[in-house]
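A short worksheet on the structure shown next.
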Amino acid sequence: MPPPPCSHRPATRYFFYAWLTNLCLFPWAFCKLFPTTYWREFFGKLCLAPIIIVAGGTTETKLGQWTTNKKLIGVLSYMHGGHGLTPSRASFVAQAVATHHMKGGAWYPIGGPVSIVMAACEVIRKNGGLVLTNSEVTRLLFDDEHDVGKHAIKIRSGKCWGVVVNGHEMYAPRVISDVGIRNTFLKLVPERHRHRLGPIVKRLKHFDGIAIGTESYVLEKSKDGSFDVSDAKEAKEDGYNVVQLKKFGVGPSTCTVELHAGFHEGMEELGLGAENRWVFPSWDHDENHKRFKKKFTNDISSCFITCCKKDESWDKRWPGRSAVKVVCAVEYEWFADYQNLKAEDRPFEYQKFKDMWGERLVKVLEGQYPQLKGKVKTWSVHSPLDRNDRFGVARGEVGGVEHTVERYLKYHAEFSPRTDIDGLWLTGKDVSCGVGVAASVWGGMLCVFSISKQRMMEFALACF
Ligand SMILES: Cc1cc2nc3c(=O)[nH]c(=O)nc-3n(C[C@H](O)[C@H](O)[C@H](O)COP(=O)(O)OP(=O)(O)OC[C@H]3O[C@@H](n4cnc5c(N)ncnc54)[C@H](O)[C@@H]3O)c2cc1C
């Protein structure tokens with residue numbers, strides 16, 4: 001249902017524009033289906049015009065057109081934690097998609113997220129596929145390799161035609177990667193083929209720094225080894241050697257620390273509801289973030305609390321037990337000293353540092369739900385480095401590539417399912433828009449449509 005017609009009330013306008021942005025996503029998505037980056041850029045000028053008019057710019061600039069009320073801007077953009085960028089940096093597109101998606105409430109899979117995975121595996125198996133778990137793809141195979149053995153072909157075009165997984169070569173007519181554009185292009189595609197992917201590779205590489213406003217910087221040294229910077233000028237005065245990079249706009253998204261807390265009481269006893277809660281020190285998200293980024297001991301800029309009650313089957317599966325998760329966005333640099341060590345080799349200080357975060361997040365939880373005070377029976381903390389270890393990401397990022405204006409509107413053509421390497425396709429959140437499972441599903445659909453026009457027609461007919 002479309003929202004009521006646009007009025008002068010900023011909040012009404014905001015929801016109207018969120019709805020309109022979602023409509024404009026259709027030509028935006030359609031443009032991703034053109035076969036090469038050149039054609040996507042060419043048609044992009046036309047396809048992107050509506051979304052640039054409706055949702056060009058950041059959340060802050062867009063909301064600033066309708067109101068000067070800082071608190072209202074803070075309230076309307078409260079969901080920025082979902083995509084991880086504060087209003088001054090986030091594309092309004094990402095904000096609008098999240099807002100429209102969550103309007104009227106959200107859904108939670110019965111049995112938890114694993115039920116989505118199990119259902120997907122079932123479909124793959126039914127169709128003759130094979131699902132391997134705990135199996136890392138270490139590289140992609142190309143038909144110009146010397147060691148192709150019996151698969152050698154006469155004409156070698158540089159086509160991607162397989163993967164190396166668990167040390168075994170597996171061949172396929174198409175390789176579809178869901179491990180994210182950064183992982184695929186910077187880790188799995190061998191160096192000698194990367195130039196074929198175009199300028200996106202350079203843009204993705206420019207992440208080894210910090211973003212300040214819309215500029216990014218590399219910090220080469222600090223006075224005392226700590227990370228304590230609010231802007232480049234201050235950083236220079238503080239003794240950092242600041243090297244300005246080209247504005248990248250397509251760095252990794254935010255990273256987080258996650259607390260998983262367990263209770264030996266049922267949810268009713270603890271008075272927990274099926275709810276999510278965002279906790280901010282104030283409604284000025286940018287200011288909160290700036291302050292927190294300066295020193296990790298400052299107030300946490302945003303925390304997300306969610307509880308197991310959302311899963312209807314929880315009580316049956318875990319009677320008399322409850323679980324709560326608390327997530328807070330952090331700076332990767334705070335953990336970077338330990339990034340090159342294997343998990344088992346990380347020193348005691350690292351564990352202590354993680355525990356410190358756990359205790360802080362327990363405090364945040366108890367502050368929000370005083371009835372939980374002293375009742376946390378067990379907890380574990382996951383740092384950005386744990387995410388690197390488990391999900392193969394480079395900087396603990398939780399949402400793929402960051403959700404900037406550049407990603408959605410400037411470099412749009414490069415974030416598409418079809419890559420400039422024959423046989424290599426991308427799917428998942430990075431080729432889609434916004435964050436979350438819905439974004440991944442859209443990424444999957446775009447990838448299917450891009451491969452098979454017949455499937456696209458079937459889908460279009462089914463919709464009507
Ligand atoms: C703490 C947290 C809470 C969230 N809450 C929600 C929520 O409430 N609602 C919502 O909709 N979304 C939520 N999300 C986001 C959602 O989980 C993601 O958007 C979604 O899972 C992305 O799906 P994807 O398929 O694109 O990528 P992923 O789910 O990241 O899948 C990529 C997979 O590739 C694997 N991989 C990486 N490298 C390799 C390799 N070399 N070889 C083999 N495998 C590899 C990874 O292990 C991973 O399993 C949350 C995310 C986090 C981190």
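The values are calculated or read from the model by the stated rules, or taken from the named source; none is laboratory data. It should be emphasised that the depicted structure is a prediction, and the values quoted were computed from it without experimental measurement. Neighbour counts are summed over all protein chains in view; Cβ atoms, including those assigned to glycine, are modelled from backbone coordinates with ideal geometry.
Values for this structure:
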read-out: Hits in the range 177-193 (condition: over 17 Å from GLU136 (Cβ atoms) and within 11 Å of the ligand (Cβ to nearest atom)); value: ILE181
read-out: Selection status of ALA106, part of a helix (DSSP H, G or I) and on the phi < 0 side of the Ramachandran plot; value: no
read-out: Flag for LEU446 being under 29 Å from LEU25 (Cα atoms), within 13 Å of the ligand (Cβ to nearest atom) and buried (at least 23 other Cβ atoms within 10 Å of the Cβ); value: yes
read-out: The range 87-137 - residue that is in contact with a strand residue (DSSP E or B) (Cβ under 9 Å, 6 or more places away or on another chain) and closer than 30 Å to GLN65 by Cα and, of those, surrounded by the fewest Cβ atoms within 10 Å (Cβ to Cβ); value: ALA106
read-out: Options GLY273, GLY249; residue that is on the phi > 0 side of the Ramachandran plot, modelled with pLDDT under 95 and under 29 Å from the mean Cα position of the chain (by Cα); value: GLY249
read-out: Near pairs, Cβ below 7 angstrom, 6+ apart or cross-chain, from the range 98-117 (more than 10 Å from the ligand (Cβ to nearest atom)) to any residue that is among the hydroxyl-bearing types (Ser, Thr, Tyr); value: ILE110/SER313; GLY111/SER313
read-out: Which numbered condition LEU341 misses (of (1) at pLDDT below 90; (2) more than 16 Å from the ligand (Cβ to nearest atom)); value: (1)
read-out: Subset of the range 255-279 that is hydrophobic (A, V, I, L, M, F, W, C) and assigned to a loop (DSSP other than H, G, I, E, B) - its residue that is farthest from the ligand (Cβ to nearest atom); value: LEU272
read-out: Sole residue being farther than 30 Å from PRO10 by Cβ and within 24 Å of the chain's Cα centre (by Cα), chosen from ILE124, ILE110, ILE51; value: ILE110
read-out: Meets criteria (farther than 30 Å from GLY56 by Cβ, in contact with a Gly (Cβ under 7 Å, 6 or more places away or on another chain) and surrounded by 15 or more Cβ atoms within 10 Å (Cβ to Cβ)) for TRP379; value: yes
read-out: Residue check, LEU72 out of contact with any Leu (no Cβ under 6 Å at 6 or more places or on another chain) and not assigned by TED's automatic domain parsing to the domain that holds ASP422; value: no
read-out: Residue within the range 417-428 that is part of a loop (DSSP other than H, G, I, E, B), near the ligand (Cβ under 9 Å from one of its atoms) and closer than 24 Å to GLU258 by Cα present; value: yes
